[in-house]
Structure formats: structure tokens, C-alpha cells
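J.: Please see the structure below; I have some questions.
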Amino acid sequence: MNARIIGTGSYLPKRVVTNDDLAKIMDTSDEWIQSRTGIKERHLVVEENTASMCIEAAKEALKDADMAAEEIELIIVATLSADHVTPSAACEVQAGIGAVNAVAFDLNAACSGFVFSLNTAQAFIQSGIYKNALVLGAETLSRIMDWNDRGTCVLFGDGAGAAVIKADDEGIMAFEQYSDGAKGHVLAGINRKNNNPYVKNDTDPTYVQMDGKEVYSFAVSTVPKSIQNVLDKANMTVEDVDVFLLHQANIRIIQSVAKRLKISLDKCPISLDHCGNLSAASIPVLLDEVNKKGMLKRGDKVILSGFGGGLTWGTTLLTW
Ligand code: UT7
């Protein structure tokens, strides 16, 4: 049995912040942001939080899948910006939608989180442990950005995406996922200090810090190789793939990946223009947009590929 996506949903915060809005509060411009990244605007939470966005996305995905919350056996939320250390965002989703029969936990693999979570659900379903799952990617990145660092804060947004997954003969065909912890410093945010009385001189918490150029070159070299590896595993070529759902970090990264793989940009839908980089939420939000636009038909071959903090990266090939 494989994990097959049978429903999707998403939620973006009501407050839209354009590049011009940002230019009013920091030294930046619409021209710089658009030309370097392709981002025009992003949604930032005012009243929402990670769990509340997840709950809205989950309800929509369950409706799309025509499933009741009580039927769900596993909930995974991919996030690095859960509202609390505990309870997890996944447990809050469980309570919020009434998925009383599910086990729920969060998974932190930064921007690769949704792909890793999907692959985790596949492992549980393939082994027969669970028959279905609700997999989400959600971030309130605005909470952990350094709003004095124009080089990073303009890039990110807030949002949540969800997918309902069910055991099926078709679905996930192949995947790979990797980490390189030795390069963790390239994209990092240090959490709260240890207040244990025996610890002295613990590191101060920091907002997200990123070496943009390092991440950029890591992405443009790693993503095409990862996609090619997964296609090789399935004895397929890029021509066999109908849609490439690539992590939405920068339009120039997507263009470079498409060029290296010799694929048409028409096969690489974009949401970063109106969302910015949503980290773990970027792929599921894009998936829901593509699904709702009717761009996917049963039997289509879809690639999902993410990369980011950790460093982490992963690719999944599935049949829609
Ligand atoms: O999810 C994965 C996480 N992140 C990524 O994938 C990010 C990958 N990296 C990138 O997308 C790009 O490296 C950035 C968009 C972050 C930066 O683009 P860049 O072309 O590498 O620009 P840069 O960092 O070399 O900065 C060029 C100039 C600098 O000024 P000087 O030193 O040339 O005078 C920056 O200070 O642009 C300046 N700059 C800005 N100017 C206006 C940096 N941020 C801004 C800004 N507005 N927001």
C-alpha cells in the first residue's frame, strides 16, 4: 500500500503586506525585492497563529477528501514555529478538529518539513501501521524573523497547508531525504536559554539568521540532483512528470533548477509572488492552490522537492 493524497486545504492570514508596505518601515524597495526574489507580497498573522491556521487548512482538506476528523489515525505538523514548546501544533490540531482517534506530533525539518512528513506518513502506511494521515506544513515565521535584518525578513511569510492521505495501490512512488547538520549555521535561529541553575553562559536566543548566498548555491546544486535521483529510482525521466512543486524560496532558484533539469517553467507553478517563502508550508499551500485550480488530474505524476535549514533536503514522486 502507498500513501495517496485525496484532499488538500490551506489558510493564509488575512493581513496582506506588500513590498511597498515594507519600504515604509525599512530601507528596502519593491524593485529590489521583486527583482531579487520574485516576491510581491506576503500574508502575516495579526490574529491568527500556527495552530489556528492549521485547523482551518485541516478542515478544508478533510472536506475536500470527504472524510470525518474521527477517521484520521495520524496527524503530523511540519513546523519550526509551533506556538508552544508543548503542546505540539499537531495536538492542538487534533483537539481543534476533533480527531479523537489520531496520534499527533510535530516534525521539524525546516523548509523540507512537509516532504519529510509526507515520507513519514508513507512509511507508516506502507508498513500497515496506519491507513490514513493528515499531514500539514505551517509556519508563523513573522514571529521569529529579525525585523531589523532587511536581507531576511522581507523574504518570508506566514501560512498553513494540509493534505489528507489514504492507503491506496497508487500514490507515493519514490522518495529521498537527506540532512547535513554540519552546515546548520547557514540558516539558524537559537531557541530560549537554558535556565537550569547549573548552566552558565548559555547562548542568547537569536532570531533567524541566514547566509543567503550559501543557501542559494546549496539549493541550485542540490535540488536538481535530488529530483534526478528520485526519478532514477522510479525508472522515469523529467519528461514523465506533469507538475514540479518546488519549495518557494526565490524565483531565481526555481528558474535555475528548471534550466538545469531542462524542464519548462510552465510545469513549475509559483505561489511565492503572493506568499513569500513559507518554509514548511510552502509546498502544501502551493499544492492546494494547484489542486483548487484544477491543474491536477488523476494519474498525473507530481514531484515535490524541498530544501532548507538543518541543512535538509528531500524529494517525493507521486501519482495524483
Ligand atoms: O527556504 C530556504 C531559505 N532561504 C533561501 O532560499 C534564500 C536563498 N538566497 C537568496 O534568495 C538570495 O541570496 C537573497 C534574496 C537572500 C539575497 O540576494 P542576493 O542577490 O544574494 O543579494 P545580496 O545578499 O548579495 O545583497 C545585495 C545587496 C547588498 O547591498 P551591497 O552590499 O551590495 O551594497 C545588500 O545589503 O542588496 C542589499 N540588500 C537589500 N537592499 C534592499 C539586502 N537586502 C535588501 C533589501 N532591500 N531587502
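The values are calculated or read from the model by the stated rules, or taken from the named source; none is laboratory data. Please read these numbers as outputs of a predicted model, since none were measured by experiment. In this analysis, Cβ positions are derived from the backbone assuming ideal geometry, glycine residues included, and neighbour counts consider all displayed protein chains.
J.: From the list Val241, Val164, pick out the single residue that is away from the ligand (no atom under 15 Å from the Cβ) and outside the structural domain of Asn291 (by TED's automatic domain parsing).
T.: Numbers: Val241 fails: outside the structural domain of Asn291 (by TED's automatic domain parsing).
The match here is Val164.
J.: A follow-up question, please. Looking only at segment 217-234, decide whether some residue is under 30 Å from Val45 (Cβ atoms), outside the structural domain of Trp32 (by TED's automatic domain parsing) and in contact with a Leu (Cβ under 8 Å, 6 or more places away or on another chain).
T.: Within segment 217-234, the first condition is being under 30 Å from Val45 (Cβ atoms), and the residues that meet it are 218-219, 223.
Within this subset, residues satisfying the condition of being outside the structural domain of Trp32 (by TED's automatic domain parsing) are 218-219, 223.
After this cut, where a residue has to be in contact with a Leu (Cβ under 8 Å, 6 or more places away or on another chain) as well, the list is 218, 223.
Checked against the condition, which is being under 30 Å from Val45 (Cβ atoms), outside the structural domain of Trp32 (by TED's automatic domain parsing) and in contact with a Leu (Cβ under 8 Å, 6 or more places away or on another chain), segment 217-234 yields at least one hit.
The rows are residues; the columns are (1) farther than 30 Å from Gly310 by Cα; (2) in contact with a strand residue (DSSP E or B) (Cβ under 6 Å, 6 or more places away or on another chain); (3) surrounded by fewer than 23 Cβ atoms within 10 Å (Cβ to Cβ); (4) at pLDDT 95 or above.
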{"site": "Lys24", "(1), (2), (3), (4)": "yes, no, yes, yes"}
{"site": "Cys54", "(1), (2), (3), (4)": "no, yes, no, yes"}
{"site": "Ala78", "(1), (2), (3), (4)": "no, yes, no, yes"}
{"site": "Val85", "(1), (2), (3), (4)": "no, no, yes, no"}
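J.: What number of residues within segment 73-86 satisfy the criterion of being under 21 Å from Tyr130 (Cβ atoms) and of a type outside the set (Ser, Thr, Tyr)?
T.: 6
J.: Report, by residue number, each residue of segment 309-320 that is within 11 Å of the ligand (Cβ to nearest atom) and of a type outside the set (A, V, I, L, M, F, W, C).
T.: If the condition is that a residue be within 11 Å of the ligand (Cβ to nearest atom) and of a type outside the set (A, V, I, L, M, F, W, C), then Gly309, Gly310, Thr312 are the ones that fit.
J.: Moving on. Please tell me if Asn229 is more than 14 Å from the ligand (Cβ to nearest atom), part of a loop (DSSP other than H, G, I, E, B) and either out of contact with any helix residue (DSSP H, G or I) (no Cβ under 9 Å at 6 or more places or on another chain) or in contact (Cβ under 8 Å) with a residue 12 or more places away in the chain (or both).
T.: Judged against the criteria, Asn229 is not a match.
J.: Return the residue satisfying two criteria in turn: it lies in segment 208-233 and is over 18 Å from Leu246 (Cβ atoms) and touching a strand residue (DSSP E or B) at 6+ places or on another chain (Cβ under 9 Å), and of such residues it is surrounded by the fewest Cβ atoms within 10 Å (Cβ to Cβ).
T.: This residue is Asp232.
J.: Six or more apart or on different chains, Cβ under 6 Å: which pairs go from a residue in segment 101-113 that's away from the ligand (no atom under 16 Å from the Cβ) to one that's among the acidic types (Asp, Glu) and not in a helix (DSSP H, G or I)? Could you list them?
T.: What qualifies is Ala102/Glu73.
J.: Further question: With a cut-off of at least 3 residues that are small (Gly, Ala, Ser), name the helices (runs of 4 or more DSSP H) lying wholly within segment 86-177.
T.: Those helices (runs of 4 or more DSSP H) span 89-97, 113-126.
J.: Looking only at segment 19-33, filter to residues that are assigned to a loop (DSSP other than H, G, I, E, B) and among the β-branched types (Val, Ile, Thr); which one of those is nearest to the ligand (Cβ to nearest atom)?
T.: Thr28
Every residue, every condition in (1) more than 16 Å from the ligand (Cβ to nearest atom); (2) free of Cβ contacts under 8 Å to residues at least 24 places away in the same chain; (3) not in a helix (DSSP H, G or I), yes or no:
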{"residue": "Thr8", "(1), (2), (3)": "yes, no, yes"}
{"residue": "Val17", "(1), (2), (3)": "no, no, yes"}
{"residue": "Ser35", "(1), (2), (3)": "no, yes, no"}
{"residue": "Val46", "(1), (2), (3)": "yes, no, yes"}
{"residue": "Ala51", "(1), (2), (3)": "yes, no, no"}
{"residue": "Glu56", "(1), (2), (3)": "yes, no, no"}
{"residue": "Lys63", "(1), (2), (3)": "yes, no, no"}
{"residue": "Met67", "(1), (2), (3)": "yes, no, yes"}
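J.: Taking Tyr178 as meeting all but one of (1) more than 25 Å from Val77 (Cα to Cα); (2) touching a strand residue (DSSP E or B) at 6+ places or on another chain (Cβ under 7 Å); (3) of a type in the set (Ser, Thr, Tyr), write down the number of the exception.
T.: (1)
J.: Taking segment 261-308, which residues are within 16 Å of the ligand (Cβ to nearest atom), in a helix (DSSP H, G or I) and surrounded by fewer than 20 Cβ atoms within 10 Å (Cβ to Cβ)?
T.: Once the filter is applied, which keeps residues that are within 16 Å of the ligand (Cβ to nearest atom), in a helix (DSSP H, G or I) and surrounded by fewer than 20 Cβ atoms within 10 Å (Cβ to Cβ), segment 261-308 yields only Asp273.
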